Structure formats: C-alpha cells, structure tokens
Amino acid sequence: MNNRAEIMNDMAVHLKAPAHIPDRELQRFLDQVFDKYGYDFRNYSHASLRRRLRHRLMLSGIDDFGDLEAKTLKNRQFFNTILLDLSITTTEMFRDPAFFMAFRDEVVPVLKTYPSFKIWQAGCSTGQETYSLAILLQEEGILDRGLIYATDFNATALEQARRGVYPTELIKQYAAQFHRAGGKGPFSQYFTSRYDSVLMDKSLRRNIVFSEHNLATDGVFSEVQIVICRNVLIYFNRTLQDRALSIFHQSLGRRGFLCLGAKESLLLSSHRRDFEVVRENERIFRKKTG
Amino acid sequence: MKESLEKKRGKGTHKSLLPPGIQKDIQADAIVIGASAGGLRAIGLILSSLPASFPLPILVAQHIHPDMNSLSVTLMQEKCQIQVQEGIDKEPINAGVAYLAPPNYHLLVECDRTLSLSVDERVNFARPSIDVLFESASEVFESRLIGIVLTGANKDGAEGLKFIKANGGTAIVQDPNTAEYDAMPKAALEATSVDFVLPLEKIAPALLTVVGQRRQA
Ligand SMILES: C[S@@+](CC[C@H](N)C(=O)[O-])C[C@H]1O[C@@H](n2cnc3c(N)ncnc32)[C@H](O)[C@@H]1O
C-alpha cells in the first residue's frame, strides 16, 4: 500500500492538472457500468468512488476520464480491476473490540435461550470479522447451535474468506484486539501457524456459509435472528443505505438484532422507528414488535 | 495585520510582505485544516480564535491515536466559541461548525456538501489522512476552498495542498520555524506554491480578514 502511495506521488509530479472527475461524467460512467456489467455503484458515496478512480487513472497512466470509461466498457479484465478498486475490503479481526464486548453482554445471553439461530453478516470482506464472530460464539459455547451466513459482493474477497489464511504479521494486532474484546484463552488455539501465514481452525468453519450477495441489487436473504453489517453503509448514499436497511429489517425475525459499524447510525434513516437502541455507542439495535 | 501576512511565490522563495489587495480574489466557501504531531494544540489555537458567527465550515483532519476517541472533540469544544463536533457520515456541512475527522476514519466531502466517512486503507500511514480530506474537499469546492497545513512529523497534506492549488484554491502553511514539528509544513512548501506562510497565531486573524472582506463584498 505504501508502495502504491509512493508510485502515485511520483506520478502526480508529472501531471499537468489534477485528474478532476466532474460528477456528471462520474454518473455517466456508473450508468454505463451498470448497463453493461450489472454492478450498481450509482448510489455509492461519490467522494469515495472518485478517489478510487482518480488513483486508477494515475496508476494506469491514463490522463482522461473518458479514456478510462472506454477501456472499462471494452475490456472485461480491466473492469475486474475497477471492481476491486471500488470495493474497499479493509478489515481486521475484532475491529472495534468494544462492539464484540457489547455483543457478548447484550446479544449472546438472548442467543443462549434459542435452540438454534442464524446470523447474517453482510459485507464480510476477506472473512476476518466472520472468524472473529465464530471465535466469540465458540468461546460462549454456542457456535454449534448457530449458522453464520457471511456474504459480500466481491467474489475475490469471499474466496480469501473461504481459505481462512492470514499473514502472521497481523496476528499480534488481532490477538490484542481479541483480548480487548473479552477473549479469554490464548488466541493461538484458533489457528495453525505455517511459515508466514496462519490457517484458521476448521472447527470454526463448520457453521459458516460464505456466499455472494449484493446489497445494491439483491433482495432479502433468509430469515435470521441477527444481522451484522459493519463499515459497509458508510460507502452508500442515503438512498442505498435505506435500501439495505429495508432488506435487513425484512430479514430479521421477531425481536432480531441489528449491528452496525461504529460510525453508522439509524438516526438519519427512515428506519429509525423500526428499531430500538440496545447499545448506542456500539451500534446494537433491536427490531421492535408490531 | 495585512502587513504581517507573508506571501510565498513559487518554490522556495519567500516574499516578506503581502502586496496590497492580494486578498481581493480570495473567495471561499470552506476551510480544510490538516495537522499531525503537535496538532491538537495548534488547531485548538486557531479554532478558539474564531467568533461564533464565523461564516464558513471548517473540516479538520488531525492524526490521532484510534483510542483517543472523541475526547479531543470535547476538549476542543470547551475552548471554542464556534461549534466543534465529530464529522458524522452523510450529515450536511454547516457554516460556523468545525468538523473533526473521527479517529480511524477518513473524512470526505460529497458533491451535495454532505460528509462521508471511510475506512479505506491508510494513506501516508494515516487515517484520517489529510490528503484524502483535502482532495475530496477540493473537488467539491474547487477554487472556493482554503487549505491549511500545520505542524506534523510526516508529509501528509502536501499532495492535498498541491491539489487544492491546482484547482484554484488558496493554500496557507504554518511557518515551519514556528511549528512544533516542521516536517509537514516543509513538505507542503516543497510540493506546491503557497499563498501564505504564517506563524500559528497569525492564521486565525488572516482567516478573519479574508472572510470579513468577503462579507463586505
Ligand atoms: C470496509 S469492508 C468492511 C468489512 C467488515 N465488515 C469490517 O467491518 O471489518 C466493506 C465490505 O463491503 C463490501 N461491499 C461493498 N458494497 C457491497 C454491496 N453492494 N453488497 C455487498 N457487499 C458490499 C465490500 O466488498 C467490502 O468487503
């Protein structure tokens, strides 16, 4: 990533004017991408999209946004690159440990009263969040009763998630966050180490189903007791946020829980009255009855 | 105070006096500020020198440890007359309010002048990154943006300030000699031609001059 930033800095030196992408052109590009490939980015945060596309312009040495558009529409492989550019997969294990702690305190006790339960984790990226959840449920002794549907629209990320292999250099940070999230025993019991990577334990994988689902174009997934969707809605505009929240609301069974990212809120959405707040700061909500 | 403004033209050349009338073409709808090491104090000094009626929104990217949380917002608000708050995703940007990027999130500006947060990878090892804020604000406000780079021990903000200049905006850099850490102001001065190089305590008065003039115009 650092390399990439440096390359971009170097290239920026040679640019006469900044690659400025007018909103009109961006919208046309997104329309065409949707028509041609069926991926709908039209209601994503344009500021974020523009930043990614500007980087791609610089990296591929294309000066004109119109040329990038033409290449994207003509060349499927190049579109795949763009697709990866536009899907931000940064993630961690036990990101925001306070959330997992709150989940333990508020949600797990309810889950323990169910003979079986389903969790839908939308936007699972490369799987770190999913394995974190599985570890937590295992610790609480209820993983066997649960089924985790982990979905994302990025097939490449899902493939990595299924593999469950992560660089060893990240484990120290993950372990620290695991303990801050209330994790007890040694973190190392959940994976086997290889040279420079670790492989997540098979027992965690048993109750996870990774599959493709696009929150912008697909519908209700399945009836579940819990929806977890963190750090995805910030990439959407209000329209798309509302669409996703509708799907979550419909998917949730009676008194189901909805968990969002630390800076995502229901406050501005049309769904704020459908949920009650369980934990304000940790963004845990619960579907109201009726 | 006009006399005290320093104008820098071209790379590395400082001109000591602001030519009369230089401010006439500064028209701004927003201000972006970037700071790193030593920044909380520097930002606090600027924001606390602005009146409650300050007519522009101010967007701030301060490198901060993720665990610091919203503490800095509370501390800052206590000292300031203008409203200080954490930037909230998809909230409209209002004049007279300073929005601080939350720790561990980039802060961006949408075309409809609302805010967006993102967890994109770090840029210049930083999240929030000053470059990210500056570039996205520049695309929206174009020439009507003032970018300010303050103290810091890295080079975040330099590319962003260059972008602001290329879009016709105004660039202010804290005089490296008065900065707690001079690397960041120096990197900004290296990267682009800057309109004003000012000691910290002169920055708020300069903003008031520019904005005051705009209101009379
Ligand atoms: C920043 S990551 C968050 C990962 C994880 N939830 C976390 O908080 O650490 C955002 C994820 O959302 C996914 N995403 C973006 N748009 C989506 C969509 N329309 N449908 C499903 N997933 C999407 C991206 O592919 C990416 O993996």
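When only the heavy atoms of the protein chains count and the probe is 1.4 Å, how do A:HIS249, A:HIS55 rank by accessible area, highest first?
A:HIS249, A:HIS55
Return the long-range amide H neighbours of A:GLN121 (sequence gap of 5 or more, or a different chain), with a cut-off of under 5 Å between placed amide H atoms.
A:TYR149, A:ALA150, A:THR151, A:ILE228
Answer with one residue from A:LEU268, A:TYR37, B:ALA191: the one whose Cα lies farthest towards the positive end of the charge dipole of the protein assembly as shown, charges on Cβ with Lys, Arg +1 and Asp, Glu -1.
Of the listed residues, the answer is A:LEU268.
Between B:ALA95 and B:GLU142, how high is the FRET efficiency from 1/(1 + (r/R0)^6) when r is the Cβ-Cβ distance and R₀ = 22 Å? Nearest 0.05.
On the way: r = 18 Å, r/R0 = 0.80.
Efficiency, rounded to the nearest 0.05: 0.80.
Just to be sure I understand the interface: list residues from the range A:79-97 that lose 50 Å² or more of accessible area between the chain on its own and the complete protein assembly, 1.4 Å probe.
A:THR90
What is the distance in Å between the Cα centres of the range A:230-283 and the range B:158-209?
Answer, in whole Å: 40.
Round to the nearest 0.05 the FRET efficiency obtained for A:SER222 and A:ASN75 when R0 = 30 Å and r is the Cβ-Cβ distance.
In this case the efficiency is close to 0.25.
Compute, for chain A, the length of the dipole vector about the Cα centre, with Cβ point charges of +1 (Lys, Arg) and -1 (Asp, Glu) only. Units Debye, rounded to 20.
Once rounded to the nearest 20, the dipole reads 480 debye.
Kindly identify the range B:32-216 as rounded, prolate or oblate by the Cα gyration tensor criterion: order the square roots of the eigenvalues as a ≥ b ≥ c, call it rounded if a/c is under 1.5, otherwise compare a/b with b/c, prolate if a/b is larger, else oblate.
On the way: a/c = 1.13, a/b = 1.02, b/c = 1.10.
Taking the square roots of the gyration eigenvalues as a ≥ b ≥ c, the range B:32-216 is rounded.
Please report, as a whole percent, how much of the solvent-accessible surface of the protein assembly as shown comes from carbon and sulfur atoms (probe radius 1.4 Å).
50
Using modelled amide H (1.01 Å from N, peptide plane; none on Pro or chain starts), what sits under 5 Å from the amide H of A:VAL278, excluding residues fewer than 5 places away?
A:ILE284, A:PHE285, A:ARG286
Taking θ as phi - 60°, what are the ³J(HN,Hα) couplings along the range B:38-43 by the Karplus curve (6.51, -1.76, 1.60), each to the nearest whole Hz, with x for Gly and Pro?
Listing the rounded values in order: x, x, 4, 5, 5, 5 Hz.
Given charges of +1 on the Cβ of Lys and Arg and -1 on the Cβ of Asp and Glu, with all other atoms neutral, how large is the dipole of the protein assembly as shown about its Cα centre, in debye to the nearest 20?
Dipole magnitude for the protein assembly as shown comes out near 380 debye.
How big is the B/A interface in buried accessible area, both sides summed, 1.4 Å probe, to the nearest 100 Å²? Walk me through the numbers on the way to the answer.
On the way: alone 9550 and 14240 Å², together 20900 Å².
For chain B against chain A, roughly 2900 Å² becomes buried.
Evaluate the relative contact order of the range B:95-203 (contact order divided by residue number), counting alpha-carbon pairs under 8 angstrom at least 6 apart; express in whole percent.
Values: 229 pairs, mean separation 23.0, N = 109.
Relative contact order comes out at 21 percent.
A:TYR39 accessible area, nearest 10 Å², 1.4 Å probe?
About 50 Å², rounded to the nearest 10.
How high is the FRET efficiency from A:LYS288 to A:LEU59, r the C-beta distance, R0 35 Å, rounded to 0.05?
Efficiency for this residue pair is about 0.15.
Give me, ordered by chain and number, the residues 5 or more places off B:LEU145 or on other chains with an amide H under 5 Å from its own placed amide H.
Result for B:LEU145 returns B:ASP29, B:THR170.
Calculate, for the range A:97-287, the solvent-accessible area per residue in square angstrom, rolling a 1.4 angstrom probe over the heavy atoms of the protein chains.
Counting only protein heavy atoms, the per-residue value for the range A:97-287 is 42 Å².
Given the rule -39500 (n - 2.57) for each run of at least 4 DSSP H residues, summed and divided by the residues of the protein assembly as shown, what is its mean residue ellipticity at 222 nm, to the nearest 500 deg cm²/dmol?
-11000 deg cm²/dmol
Taking 8 Å as the Cα distance limit and 6 or more residues as the minimum spacing, I'd like the relative contact order of chain A as a percentage.
For chain A, the relative contact order is 17 percent.
The values are calculated or read from the model by the stated rules, or taken from the named source; none is laboratory data. The structure displayed is predicted, hence computed values, not measured ones. Backbone-built Cβ (ideal geometry, glycine too); neighbour counts: all protein chains shown. Side chains included, ligands, DNA and RNA excluded: accessible areas come from the protein's heavy atoms. Shrake-Rupley method; radii C 1.70, N 1.55, O 1.52, S 1.80 Å.
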